[in-house]
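**Student:** One structure, pasted below without further comment.
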Amino acid sequence: MAHLRFNALDIVSKRTTDRIEAPSNKISDYFAQDVFTLDQMKATLAPDVFKKVSSAIDKGKKIDMETADQIASAVKAWAITKGVTHYTHWFQPLTGSTAEKHDSFFNAQKGIEVFAGSMLVQQEPDASSFPNGGLRTTFEARGYTAWDPSSPMFIFGRTLCIPTIFVAYTGEALDHKAPLLKAVEAVDQAATKVVQLFDRNVNRVNASLGCEQEYFVVDKALFNARPDLLMSGRTLFGHNPARGQQLDDHYFGSIPSRIYNYMKDFEIECLKLGIPISTRHNEVAPSQFEAAPLFEDINVATDHNSLMMDVMRRVAARHDLEVLFHEKPFAGLNGSGKHNNWSLITNTGVNLFQPSNSARENLLFLVFLVNTIKAVAENGDLLRASIASASNDHRLGANEAPPAVMSVFIGSQLTAVLDELEEKGNIKIDKGDNMYMKLGIDKIPQIILDNTDRNRTSPFAFTGNKFEFRAVGSDQNVAQPMSILNLIMAEQLNEFHKEVKAEMQKGTDKKIAIVNILRKYIKDSKKVRFEGDGYSADWEKEAEKRGLPNVKNTPRALESFVSEKSKKLFAKHNVMTPEELEARNEIYLENYIMKIQIESRLMGDIALNQIIPTAVKYQNTLAQNAKNLSALKLDNSEILKNIELISGYTKDLRSMVHEMIEKRKELNQIDDTTLRAAKYCDEVKETYFDKIRYAADKLELYVDDELWPLPKYRELLFLR
Ligand code: ADP
Ligand code: MG
């Protein structure tokens, strides 16, 4: 096996990289060239058909079959001119990646290319192998995919991809997108009602999202020589390299040329697909990078993030690289997240999180700011659940990770504004008074954007004109956290609206009513605001005093997902039924168990098949050496000590692996998924993983480098 490592090192040392040329110096020449955009529709559809489509997209309305037929025919003609032969409904099942099943346009019976509206609108993938949490077996229903016209069709390779949702025939959602669309609708309705207290012209509020995607890149040959990376996406073993990220020299440093070419290549592909990718830079850890497109409508941004990850994987192969989206591929180094920049924007173009020069608009801004804080304060547990996964647990509440407490950072300027509002709120305001001035909210510095105290340790931070949900995992589909964020915001805004209306009915002036309710909210939600170092141990203690939940692992986090409170909330806003939540919970728990089980098995395999035999081999060499020394009557005590050390760690490793296997067998007998997941967490992962790793990593340190079978951290991280 050792030769695999050296073979890989040899390959890496001979790698070359090709300069990537963009199709044109002007991105606008090729941006969205593979997308059936609105412009494209306008150019190819009859004017009355186009009008129907665009208004349906705008208002989220259904498209009738006749119109669908015309669109299908137009998109087919467009796609065929671009060399496309197949089409697929493209969707995001609960497995965590994207799914597609390609069908040919060619109809052998008719001898021509056919694409009817019915094929565009609905498809029935043989979906029995997608996770459904028991939904389809219980209801004996099949699943189908349904076209989502609000996200444009695109060409990937030679296939026309049609973004769809995936649902059971009985209506239950089987994917990530269906609940998101509903949550977005809920927040639209609630936010519009609230904005209309200020401006009657607004009739729609759109949620926007910009994802900053972090990732690691390693050479393909080295990756292939690490069974753990290959099968679980992270290194389960690996002694800390002498140099990690302690020099802080990677962040924003110059990008290595091979990676640069890779980035440029996938960016071009993304741009052709209409993904407005705009930012690239190194991240904190060696071999860690970030890519971020400009924000878009949340629905499109979600599709684009999944698509971008897919493109990044495929393009990496062209460069003999492997991209790692796992949240913690390397122990001892920074993990990867996906900052979800989120805002609410009216159809009149006002970003509701944008402080302004006008006092009136600032009251509206404060309404949205304070309601968001309140929503997080009331539903921190649900937000935590929304980002729970076996891999993201490494970034939340683990050894090297910040505590899994959901808190909100708003910066010192806004803190001062809220403090003042809280204090001064009860001053009397007479007719003719400038209420805004009296309350100190007449001028909020508009450019909070540039504020210096950007806090990188907060899981949920206000960054000038948007909130940034940073605890989202790099490998996650963002639909789930975004569904939950928009859902809790919808609930909060409805509540606020109701309270304002009730006050107004009692005869209170609207503005006064709003301010009074905000004051109450500021007080009630103060506990969730935290401006300090979110990574510190002090914060963990402080958070506990404040009564904030700090849930360290997925099985426990998911309890909030299926709590009575959560079920009521989801049902009230028509986002998911209790049955859908239960099914999803089941899927997530099973997924958690499988992930831990796979890692545990891999640890066993690698320890028994690779590490222990290597250690034994080296031990024999040492034993021979000890014998030789003793034959020469020379002191061999040092060697003997070494042998003892190695044999000690080898013994530990072997016995712990066997114990862990027995434990797994025992736990696999447990029927109850919730209990099995909790036990896999406590009795497999928490009990054995670190200890087994410790012994293996010690052996890596003591065993002759020439025998060691697994590419080492320094090789994975610094060679490219
Ligand atoms: P930083 O790393 O400083 O947080 P970046 O520029 O890397 O900032 O990423 C910021 C992300 O936030 C980008 O995707 C950007 O388009 C997005 N963004 C900017 N303004 C908004 C907004 N109003 N709503 C949602 N996302 C936004
Ligand atoms: Mg950011």
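**Student:** Excluding residues on the same chain fewer than 8 positions from LYS527, give the lysines whose Cα lies under 16 Å from its Cα.
**Tutor:** LYS374, LYS541, LYS545
**Student:** log10 I(q)/I(0), Debye, Cα-only the range 40-120, no solvent, q = 0.12, 0.14, 0.16, 0.19 Å⁻¹?
**Tutor:** Each listed q maps to, in turn, -0.42, -0.57, -0.73, -0.95.
**Student:** Still on this model: Taking 2.2 N^0.38 Å as the expected size of a compact globular protein, what ratio does the Cα radius of gyration of the chain give against it, to two decimals? Please list the in-between numbers first.
**Tutor:** Numbers: Rg = 28.2 Å, N = 720, 2.2 N^0.38 = 26.8 Å.
Scaled against compact globular proteins, the figure is 1.05.
**Student:** While we're looking at this one, here's another question. ALA502: net charge of surrounding residues, Cβ under 15 Å, Lys/Arg +1, Asp/Glu -1, itself excluded?
**Tutor:** Local net charge: +2.
**Student:** Further question: Hey, can you grab everything whose amide H is under 5 Å from the amide H of VAL408? Only 5+ residues off in sequence or another chain; H modelled, so Pro and N-termini drop out.
**Tutor:** HN-HN under 5 Å from VAL408: ARG529, PHE530.
**Student:** Quick one: Karplus J couplings for the range 583-599, per residue in order, coefficients 6.51, -1.76, 1.60, θ = phi - 60°, nearest Hz, x for Gly and Pro?
**Tutor:** 5, 5, 4, 4, 5, 5, 5, 4, 4, 4, 4, 4, 4, 5, 5, 4, 4
**Student:** If you don't mind, another one. Running Debye on the range 185-589 with equal point scatterers at the Cα sites and no solvent, what base-10 log of I(q)/I(0) appears at q = 0.10 Å⁻¹?
**Tutor:** The computed values of log10 I(q)/I(0) come out as -0.70.
**Student:** Counting other Cβ atoms within 10 Å of each Cβ, which chymotrypsin sites (Phe, Trp or Tyr not before Pro) in the range 26-94 have at most 16 and sit in a DSSP loop? Mind showing how you got there, number by number?
**Tutor:** Working: sites: TYR30, PHE31, PHE36, PHE50, TRP78, TYR87, TRP90, PHE91; in loops: TYR30, PHE31, PHE36.
Those that pass, being in a loop and sparsely packed, are TYR30.
**Student:** Label ASP39 and ILE112 with points 7 Å out from Cα along Cα→Cβ: what is the distance between them in nm?
**Tutor:** For the pair ASP39/ILE112, the computed spacing is 3.1 nm.
**Student:** Using unit Cβ charges (K, R positive; D, E negative) and no other charged atoms, how large, in debye to the nearest 20, is the dipole of the chain about its Cα centre?
**Tutor:** Working: 90 positive and 97 negative charges, 117 e Å.
The dipole of the chain has a size of about 560 debye.
**Student:** Taking the mean number of other Cβ atoms within 10 Å as a proxy for protection, how do you rank 279-287, 618-626, 324-332, 485-493 from highest to lowest? If you can, show how the numbers build up before the last one.
**Tutor:** On the way: 279-287: 18.7, 618-626: 16.0, 324-332: 23.8, 485-493: 26.4.
My ranking of the peptides, most packed first, is 485-493, 324-332, 279-287, 618-626.
**Student:** A further question on this structure: Go ahead and run the numbers for FRET between ASN574 and ASP10, Cβ-Cβ distance against an R0 of 45 Å, rounding to 0.05. Don't skip to the answer; put the middle values down first.
**Tutor:** Numbers: r = 59 Å, r/R0 = 1.31.
With a Förster radius of 45 Å, E is 0.15.
**Student:** Given the pairs LYS51/LYS101; LYS42/LYS62; LYS182/LYS568; LYS182/LYS520; LYS52/LYS101, which are separated by over 25 angstrom at their Cα positions? If you can, show how the numbers build up before the last one.
**Tutor:** Numbers: LYS51/LYS101 31 Å; LYS42/LYS62 19 Å; LYS182/LYS568 15 Å; LYS182/LYS520 30 Å; LYS52/LYS101 29 Å.
Long pairs (Cα-Cα over 25 Å): LYS51/LYS101; LYS182/LYS520; LYS52/LYS101.
**Student:** Something else about it: In what sequence, highest mean first, do 179-191, 653-665 appear when ranked by Cβ atoms within 10 angstrom?
**Tutor:** Values: 179-191: 23.6, 653-665: 16.6.
Packing order, densest peptide first, comes out as 179-191, 653-665.
**Student:** Full-extension gain between ILE512 and ASP199, please, as 0.36 nm times their residue separation minus the C-alpha to C-alpha distance. Spell out each step's value before the answer.
**Tutor:** Numbers: separation 313, 0.36 × 313 = 112.68 nm, distance 1.67 nm.
Stretched fully, the ILE512-ASP199 segment lengthens by 111.0 nm.
**Student:** Which listed residue (GLY337, PHE467, ALA388) has the Cα farthest towards the positive end of the charge dipole for the range 185-589, taking +1 on Lys and Arg C-beta and -1 on Asp and Glu C-beta about the Cα centre?
**Tutor:** PHE467
**Student:** Pull out the extension gain between ASN620 and ASP64, defined as 0.36 nm times the separation in residues minus the alpha carbon to alpha carbon distance; nm, one decimal.
**Tutor:** Values: separation 556, 0.36 × 556 = 200.16 nm, distance 7.65 nm.
Additional length available on full extension: 192.5 nm.
**Student:** Cut-off under 15 Å on the C-alpha distance; same-chain residues fewer than 8 positions from LYS193 excluded. Which aspartates and glutamates are left, in chain and number order?
**Tutor:** The reachable aspartates and glutamates, counting only those whose Cα sits under 15 Å from LYS193, are GLU185, GLU491, GLU495, GLU499.
**Student:** Roughly how many Å is it from the Cα centre of the range 647-672 to that of the range 55-120, as a whole number?
**Tutor:** Computed from Cα coordinates, the inter-centre distance equals 50 Å.
**Student:** Sort 13-22, 676-685 for me by packing, meaning the mean count of neighbouring Cβ atoms within 10 Å per residue, highest on top. Don't jump to the answer; show the numbers that get you there.
**Tutor:** Numbers: 13-22: 11.0, 676-685: 20.5.
The peptides rank, most packed first, as 676-685, 13-22.
**Student:** Still on this structure, I have one more. Can you list residues whose amide H is under 5 Å from SER278's amide H, if they're 5+ apart or on another chain and H is modeled 1.01 Å from N?
**Tutor:** Amide H neighbours of SER278, under 5 Å, 5+ apart: ALA292, LEU294.
**Student:** Using the Cα centre of the chain as origin and beta-carbon charges of +1 (Lys, Arg) and -1 (Asp, Glu), tell me which of PHE561, GLY648, THR614 is placed farthest towards the positive end of the dipole.
**Tutor:** PHE561
**Student:** Residue-wise, which Karplus ³J(HN,Hα) couplings in Hz belong to the range 707-720, taking 6.51 cos²θ - 1.76 cosθ + 1.60, θ = phi - 60°, and x for glycine or proline?
**Tutor:** Working through the residues one at a time gives 9, 5, x, 9, x, 8, 3, 4, 6, 5, 8, 10, 9, 6 Hz.
**Student:** Here's another thing I want to ask about it. Starting from the 7 Å offset along Cα-to-Cβ, what nm value, one decimal, do you get for the label separation of LYS565 and GLU659?
**Tutor:** 3.8
**Student:** Mind checking the range 445-550 for chymotrypsin sites (Phe, Trp or Tyr not before Pro) that DSSP puts in a loop (not H, G, I, E or B) and that have at most 16 other Cβ atoms within 10 Å? Write out the running numbers ahead of the final one.
**Tutor:** Numbers: sites: PHE460, PHE462, PHE467, PHE469, PHE496, TYR521, PHE530, TYR535, TRP539; in loops: PHE530, TYR535.
Counting only loop positions with at most 16 other Cβ atoms within 10 Å, the chymotrypsin sites (Phe, Trp or Tyr not before Pro) in the range 445-550 are TYR535.
**Student:** What are the ³J(HN,Hα) couplings of the range 506-512, residue after residue, when phi is run through the Karplus curve with 6.51, -1.76, 1.60 and θ = phi - 60°? Round to Hz, x for glycine and proline.
**Tutor:** 7, x, 6, 4, 4, 4, 5
Every number in this text was worked out from the coordinates using simple rules, so none of it is lab data. Note that the structure is predicted; figures quoted are calculated from it, not measured. A quick note on method: Cβ atoms are made from the backbone with ideal geometry, for glycine too, and the neighbour counts reach across all protein chains shown.
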